[in-house]
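Once you've had a glance at the structure underneath, I'll fire off some questions.
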Amino acid sequence: MIAVQQDVTTYALRLGDDALVLAQRLGEWVASAPQLEEDVAMANIGLDLLGQARSLLSYAGSLLEPVRTEDDLAYLRERDWQNAQLVELADDGDFGRCMARLLVFSAWQCELYAALAASRNQTLAAVAGKAAKEVDYHRDHATQWVLRLGDGTAESHTRMQDALYAVWPYVDEVFESDDLVTRLVADGIAVDPASLREPVLDYVADVVERATLTLPTPTVRHSGGRRGVHTEQLGYLLAELQHVARSHPGATW
Amino acid sequence: MTATPSREWPLWEVFVRARRGLSHGHVGSLHAPDAAMALRNARDLYTRRQEGVSIWVVPADSISATSPDEKDAFFDPAADKTYRHPTFYSVPEGVEHL
């Protein structure tokens, strides 16, 4: 029983970290997006993800011994971040890259949450059920932009294609499994990541084709986020995320 | 593509219907590259707090408006024609949206 609880904790942490780290990345665009209207869209999507992260991290923290709050896990955790490397990639001000990543990730979240809503774990099922409509909109937003940029001007086409190439080595990781997930899948709690590959890549491939772009074939596959292995870019992101909370411990407003 | 596409997105006027039975009302404007994106932006900007069940977007330059200079000729003649107003009837109780 204890072992199962530890597995569930880690699983909730993984999904929560995915949402939190991408929320932070999207937040970077607020006031820097191509138009005011896009600032608002990025903020909305980021806040949806932040809401998912809060539910998942609160739940994971409640299962830990000693119990930890969502803020403990978000603002005071240095190591053991469990997010996929896909979400920590820096956009470096490249809107196309942000949309390429959002397309893949939200397509993955759509399939994941649809399946997770039937989880035997009631908390995970409830979070997934509520988030399903949110991520459907995220996927639509990314789809609209990839279509327009891919099938736009010569320059937007080139840059959107480059964005897909930049993101693609990190896509495979979200379909990977390990012993922990295998155990939870057998218990009817987690979703088998491998089962998401076909529907997610089918969706993305269809958008990419309609956008007159080419689906990359990865030559390199990066992985390790679920084991706490990350790119250097996560360090800078966490520094910004945690700076205020660490500088003013226990501050409230 | 046309030679030099404008860097500014066109302006759209946004109309939201608050709930069934009411008509769409003008709520504001926004920039978007095309109608589909205008609807999505309108959803983000004007219906975040469940303000609506339906959205219309119209290119701002498709709207013909009266000019302030014509105000007198357009509207003032209605001022002294009280018989146009339904002031001689009593409204039955319980009738909404009249």
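The values are calculated or read from the model by the stated rules, or taken from the named source; none is laboratory data. Please read these numbers as outputs of a predicted model, since none were measured by experiment. Positions of Cβ are backbone-derived with ideal geometry, glycine not excepted, and every protein chain shown enters the neighbour counts.
Can you pull out every residue in region A:52-69 that is without any contact (Cβ under 8 Å) to a residue 40 or more places away in the chain and in a helix (DSSP H, G or I)? Please lay out each step first, then the result.
Residues of region A:52-69 that are without any contact (Cβ under 8 Å) to a residue 40 or more places away in the chain, as a first pass: A:53-54, A:58, A:61-62, A:65-69.
Within region A:52-69, A:A53, A:R54, A:S58, A:G61, A:S62 meet the criteria.
Let me ask something else about it. If you go through region B:40-83 one residue at a time, how many are in a loop (DSSP other than H, G, I, E, B) and either surrounded by fewer than 15 Cβ atoms within 10 Å (Cβ to Cβ) or of a type in the set (A, V, I, L, M) (or both)? Break it down into steps so the answer makes sense when it comes.
In the first step, residues of region B:40-83 are kept if they are in a loop (DSSP other than H, G, I, E, B); the result is B:47-53, B:63-67, B:79-81.
Cutting the leftovers down to either surrounded by fewer than 15 Cβ atoms within 10 Å (Cβ to Cβ) or of a type in the set (A, V, I, L, M) (or both) gives us B:48-51, B:53, B:63-67, B:79-81.
So the count comes out to 13.
Considering only residues that are under 20 Å from the mean Cα position of the chain (by Cα) and polar (S, T, N, Q), which ones fall in region B:49-98? I'd like the intermediate steps shown before the answer.
Just the residues of region B:49-98 that are under 20 Å from the mean Cα position of the chain (by Cα), to begin with: B:49-68, B:71, B:74-75, B:97-98.
Within region B:49-98, B:Q50, B:S54, B:S62, B:S64, B:T66, B:S67 meet the criteria.
Still on this model: Considering only residues that are assigned to a helix (DSSP H, G or I) and either in contact (Cβ under 8 Å) with a residue 24 or more places away in the chain or among the aromatic types (F, W, Y) (or both), look in region A:208-226 and name the one that is nearest to A:Q161 (Cα to Cα). Steps first, please.
We begin by selecting, within region A:208-226, every residue assigned to a helix (DSSP H, G or I); these are A:208-210, A:225-226.
Next, from what is left, pick out any that are either in contact (Cβ under 8 Å) with a residue 24 or more places away in the chain or among the aromatic types (F, W, Y) (or both): A:208, A:210, A:225-226.
On the way: A:V208: 9, A:R210: 13, A:G225: 25, A:R226: 28 Å.
Out of the qualifying residues, it is A:V208.
Right, another one. Among the residues of region B:36-61 satisfying the criterion of being among the charged types (D, E, K, R) and more than 17 Å from A:A43 (Cα to Cα), which is farthest from the other protein chains (Cβ to nearest Cβ)? Talk me through it step by step, then tell me what you get.
So in region B:36-61, the residues among the charged types (D, E, K, R) come out as B:40, B:43-44, B:48-49, B:51, B:61.
Subset that is more than 17 Å from A:A43 (Cα to Cα): B:51, B:61.
Working: B:E51: 14, B:D61: 18 Å.
Here the residue is B:D61.
Still on this structure: Do you know which residues across region B:31-56 are farther than 21 Å from A:L147 by Cα and aliphatic (A, V, I, L, M)? If you could, list the steps in order and put the result at the bottom.
Step one: filter region B:31-56 for residues farther than 21 Å from A:L147 by Cα, giving B:45-56.
Listed by number, the residues that qualify are B:L45, B:V53, B:I55.
Mind checking which residues of region A:27-39 are touching a strand residue (DSSP E or B) at 6+ places or on another chain (Cβ under 9 Å) and in a helix (DSSP H, G or I)? Let's see the steps before the verdict.
Of all residues in region A:27-39, those touching a strand residue (DSSP E or B) at 6+ places or on another chain (Cβ under 9 Å) come to A:35-37.
If the condition is that a residue be touching a strand residue (DSSP E or B) at 6+ places or on another chain (Cβ under 9 Å) and in a helix (DSSP H, G or I), then A:L36, A:E37 are the ones that fit.
Determine which member of the set A:R159, A:R77 is basic (K, R) and farther than 15 Å from A:D18 by Cβ. Show your work before the answer.
Working: A:R77 fails: farther than 15 Å from A:D18 by Cβ.
Only one candidate qualifies: A:R159.
Residues of region A:110-133 being touching a residue at least 60 places away in the same chain (Cβ under 8 Å), polar (S, T, N, Q) and in a helix (DSSP H, G or I), which ones?
Matches in region A:110-133: A:T123 only.
Of the conditions (1) over 30 Å from A:R148 (Cα atoms); (2) modelled with pLDDT of 95 or more, A:N83 fails just one. Which one is it?
(1)
Same structure, new question: Residue under question is A:Y59, and the condition is that it be of a type in the set (F, W, Y), away from every other protein chain (no Cβ under 14 Å) and under 15 Å from the mean Cα position of the chain (by Cα); does it hold? So that I can check it myself, show each step before the final result.
On the way: of a type in the set (F, W, Y): yes; away from every other protein chain (no Cβ under 14 Å): yes; under 15 Å from the mean Cα position of the chain (by Cα): no.
It is false that A:Y59 is of a type in the set (F, W, Y), away from every other protein chain (no Cβ under 14 Å) and under 15 Å from the mean Cα position of the chain (by Cα).
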